[in-house]
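Coordinate-derived values only; no laboratory data. It should be emphasised that the depicted structure is a prediction, and the values quoted were computed from it without experimental measurement. Note that we place each Cβ from the backbone using ideal geometry, even for glycine, and neighbour counts take in every protein chain shown.
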Amino acid sequence: MMLDEVMKNNANFVKEFEPKKMSHIPQKKLAIVTCMDTRLTGFLEPAMGIGRGDAKIIKNAGNAAVDRDVIRSVAAAIYALGAEEVMVVGHYDCGMANVDQEKLENTMKERGVDEKLLSDIDLKDWIGAIDGEEENVVEVVEKIKESPFIPEDVPIHGLIIDLYEGKIKVLVEGNITQLH
């Protein structure tokens, strides 16, 4: 069971860990909205020069679901925690760009999700499927900027990272779209 492995690893971690009092305030005054893709773990932060305590990182599938929770988290980072910039960071080869709706629906039904429930929603929208990685980043930046809870003076940047080369490309700088 994975829980046993996690607890064993944590016991080893604690033996080596040197406790250090840290602030919950992001030291680089940055909030990052990004994807939950496992390939970003231990990769995105060093690629951006972000260390422990530097930024508030908000993750969801495809970083596409700019819903109440994402806006609330970004607003909390700004108003309660002092973030002064927001970066939306997508990545190429995103699983949410390749969602097979029929397969997803069938798998959900097989696992016990009520068919009526599935027929009442747009499943691709609900799961956060995207049409293209770069376009999604630009759309998410726009959705965050359009929220009445996000102040106009906070730059919302859009970036995309190549998971294989580590290179980051700027798609939106502050409020200027670079995508062509």
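Annotations for the structure displayed:
- Considering residues of the stretch 33-47 that are in contact (Cβ under 8 Å) with a residue 60 or more places away in the chain and part of a strand (DSSP E or B) only, the residue surrounded by the most Cβ atoms within 10 Å (Cβ to Cβ): Val33
- Pick from the stretch 101-121, criterion touching a helix residue (DSSP H, G or I) at 6+ places or on another chain (Cβ under 9 Å) and within 30 Å of Glu134 (Cβ to Cβ), ranking: surrounded by the fewest Cβ atoms within 10 Å (Cβ to Cβ): Gln101
- Residue check, Gly82 assigned to a loop (DSSP other than H, G, I, E, B), in contact (Cβ under 8 Å) with a residue 24 or more places away in the chain and either on the phi > 0 side of the Ramachandran plot or surrounded by 15 or more Cβ atoms within 10 Å (Cβ to Cβ) (or both): yes
- No other residue among Ile130, Ile121 is in a loop (DSSP other than H, G, I, E, B), over 20 Å from Ile161 (Cβ atoms) and of a type outside the set (D, E, K, R) apart from Ile121.
- Residue in the stretch 10-32 that is in contact (Cβ under 8 Å) with a residue 60 or more places away in the chain, in a strand (DSSP E or B) and not small (Gly, Ala, Ser) present: no
- Hits in the stretch 122-131 (condition: surrounded by 14 or more Cβ atoms within 10 Å (Cβ to Cβ) and under 30 Å from Gly174 (Cα atoms)): Lys124, Ile127, Gly128, Ala129, Ile130
- Unmet requirement for Ile50, which otherwise passes all of (1) surrounded by fewer than 15 Cβ atoms within 10 Å (Cβ to Cβ); (2) β-branched (Val, Ile, Thr); (3) in a loop (DSSP other than H, G, I, E, B): (1)
- Residue, farthest from Val141 (Cα to Cα), within the stretch 59-69, restricted to residues that are buried (at least 20 other Cβ atoms within 10 Å of the Cβ) and touching a strand residue (DSSP E or B) at 6+ places or on another chain (Cβ under 6 Å): Gly62
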